[in-house]
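Chemist: This is the structure, below, for whatever I ask next.
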Amino acid sequence: MTDERSAPSGAVLVVGGGISGLTAALEAAEVGQDVFLVEKNPSLGGRVAQLNQYFPKLCPPSCGLEINYQRIKNNRKIRVHTMTEVKSVSGGPGNYQVTLTVNPRYVNSNCTCCNACVDACQDEVDNPFNFGMDKVKAIRKPHEHAFPARYVLDKDACSSASLDAIVGACKYDAVELDMQAKEITVDVASIIWATGWNPYDPNNLENLKFNSSQAIISNMMMERLASVNGPTGGKILRPGDNAEPASFAFVQCAGSRDENHLEYCSYICCMASMKQINYIRAQYPEAPITVFYIDLRTPGKYEKFREKLMADENITWIKGKVADIVAENDGSVTLIAEDAVTGNKAQAKVDLAVLATGMQPAISDQAKALGLTTDDNNFVVSQEEGMISAGCAKKASDVVTCAQSATAAAMKAIQASRR
């Protein structure tokens with residue numbers, strides 16, 4: 001185990017390298033605070049990096065993230081540890097001792113991203129960045145805009161021959177097959193939990209039969225399909241057969257507002273679906289679209305966004321929960337619901353159905369073991385002075401709200417660090 005000691009004023013630990021963690025780390029560091037930024041994945045950016053566009057300006061993620069990455073490069077107050085998780089926390093406000101586990105990447109800092117190892121690699125894995133909709137080599141850059149720009153190796157997915165080829169192809173001695181997990185200890189005055197969210201697992205929604213047809217996808221899968229660096233180069237095609245869908249459906253509150261799953265509103269799902277309808281309209285201007293919903297929640301300035309779409313004559317809005325999805329022999333699916341307005345049975349046969357799955361706090365399973373206080377839905381509650389939650393670790397939020405929350409968390413962390 002190694003130790004990293006902070007400056008006398010006390011450092012801030014930011015757990016999570018998504019948009020909330022990046023914002024919190026930068027806000028704290030740019031007023032002179034020492035910051036440790038840890039992220040469990042091989043690169044920073046979190047869920048925002050997987051989006052095609054995000055509100056309010058409908059920017060691609062590279063827009064905001066690249067600026068933040070450059071700010072991190074230029075700020076020596078921030079020490080970044082990827083592939084790193086919090087193992088334990090002891091102490092109290094102003095004096096926490098945190099043990100971190102750094103998992104092996106099997107690629108060291110000599111990596112130049114020359115791609116020779118990828119060309120030599122003989123094994124492929126499902127691409128986690130694209131939710132398994134395509135394959136990638138077992139050694140790779142996590143995605144096109146990954147930061148830090150360094151490859152990662154799925155060692156367990158490789159044959160001995162493939163590993164030998166990878167090592168032999170690297171001219172920079174960057175591949176370390178004997179790399180081991182290690183522990184480091186940091187002393188910090190405050191901790192910001194910005195651990196983000198995971199999409200709710202659609203396999204839990206038995207009536208929506210996610211695995212019964214490749215014509216049923218999640219909303220995050222739709223983001224990747226529409227992205228130029230996604231599995232189809234930005235073309236919205238049905239996974240599996242790559243057919244161009246002639247019709248679409250959206251199933252709102254897929255798992256949210258349901259006492260058997262996520263009892264809360266996930267906040268972003270309505271706007272996410274409306275944004276994705278715009279993706280569809282850009283590629284399929286006349287395609288019929290059916291939206292099944294409980295309530296449509298488009299607060300404030302987003303009302304005009306909703307009004308424009310509701311004026312589209314090729315979009316049908318049905319107030320009702322989908323009770324069943326039936327896979328058809330031609331590759332399409334039929335969605336069945338009860339129209340809550342008319343009381344009649346409603347059906348829609350479409351080529352692609354999108355489940356608007358909700359937000360689940362990513363730290364759910366770990367929170368109790370780390371001594372964190374959570375609410376009934378596993379969101380982290382800021383309880384003592386030095387333990388602060390931010391972004392989607394705190395509540396289901398959009399990007400703007402996450403940035404605001406992270407800035408507030410940074411200010412609280414600085415105050416705790418300087419007492």
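The values are calculated or read from the model by the stated rules, or taken from the named source; none is laboratory data. Just so we're clear, the structure is a prediction, and the values are computed from it rather than from any experiment. Positions of Cβ are backbone-derived with ideal geometry, glycine not excepted, and every protein chain shown enters the neighbour counts. Accessible surface areas use protein heavy atoms only, side chains included; no ligands, DNA or RNA. Shrake-Rupley method; radii C 1.70, N 1.55, O 1.52, S 1.80 Å.
Chemist: Could you tell me which of the residues ALA272, ALA311, ALA282 is under 25 Å from the mean Cα position of the chain (by Cα) and free of Cβ contacts under 8 Å to residues at least 40 places away in the same chain?
Modeler: Only one candidate qualifies: ALA282.
Chemist: Give region 163-194 a look and list any residue that's in a loop (DSSP other than H, G, I, E, B) and touching a residue at least 40 places away in the same chain (Cβ under 8 Å), or say none.
Modeler: CYS170, LYS171, TYR172, ASP173, ALA174, GLU176, LEU177, MET179, GLN180, ALA181, ALA189, ALA194
Chemist: How many of the residues making up region 137-161 are within 19 Å of the chain's Cα centre (by Cα), surrounded by 15 or more Cβ atoms within 10 Å (Cβ to Cβ) and not charged (D, E, K, R)?
Modeler: 7
Chemist: Of all residues in region 202-220, count the ones that are free of Cβ contacts under 8 Å to residues at least 24 places away in the same chain and in a loop (DSSP other than H, G, I, E, B).
Modeler: Count: 0.
Chemist: Going through region 287-301 one residue at a time, which ones are farther than 26 Å from GLU338 by Cα and in contact (Cβ under 8 Å) with a residue 12 or more places away in the chain?
Modeler: Within region 287-301, just LYS301 meets the criteria.
Chemist: Sticking with this structure for a sec: Scanning region 371-392 for residues that are crowded, with 24+ Cβ neighbours inside 10 Å, over 20 Å from the mean Cα position of the chain (by Cα) and in a strand (DSSP E or B), which turns out modelled with the lowest pLDDT?
Modeler: Only one residue tops the list, namely MET387.
Chemist: VAL89 - would you say it is open to solvent by 30 Å² or more (accessible area, probe 1.4 Å), hydrophobic (A, V, I, L, M, F, W, C) and either in contact with a Cys (Cβ under 7 Å, 6 or more places away or on another chain) or part of a strand (DSSP E or B) (or both)?
Modeler: yes
Chemist: Answer yes if at least one residue in region 112-127 is under 16 Å from LEU44 (Cβ atoms) and open to solvent by 60 Å² or more (accessible area, probe 1.4 Å), and no otherwise.
Modeler: Taking every residue of region 112-127 in turn, none turns out to be under 16 Å from LEU44 (Cβ atoms) and open to solvent by 60 Å² or more (accessible area, probe 1.4 Å).
Chemist: Could you check region 245-256 and list, in sequence order, the residues that are within 17 Å of SER218 (Cα to Cα) and either open to solvent by 10 Å² or more (accessible area, probe 1.4 Å) or free of Cβ contacts under 8 Å to residues at least 60 places away in the same chain (or both)?
Modeler: Scanning region 245-256 gives SER247, GLN252, CYS253.
Chemist: May I pose another question? Output the residue which, of all residues in region 291-330 that are in a helix (DSSP H, G or I) and basic (Lys, Arg), is least open to solvent (accessible area, probe 1.4 Å).
Modeler: ARG306
Chemist: Out of ASN242, ASN229, I need the residue that is on the phi > 0 side of the Ramachandran plot and part of a loop (DSSP other than H, G, I, E, B). Which one?
Modeler: ASN242
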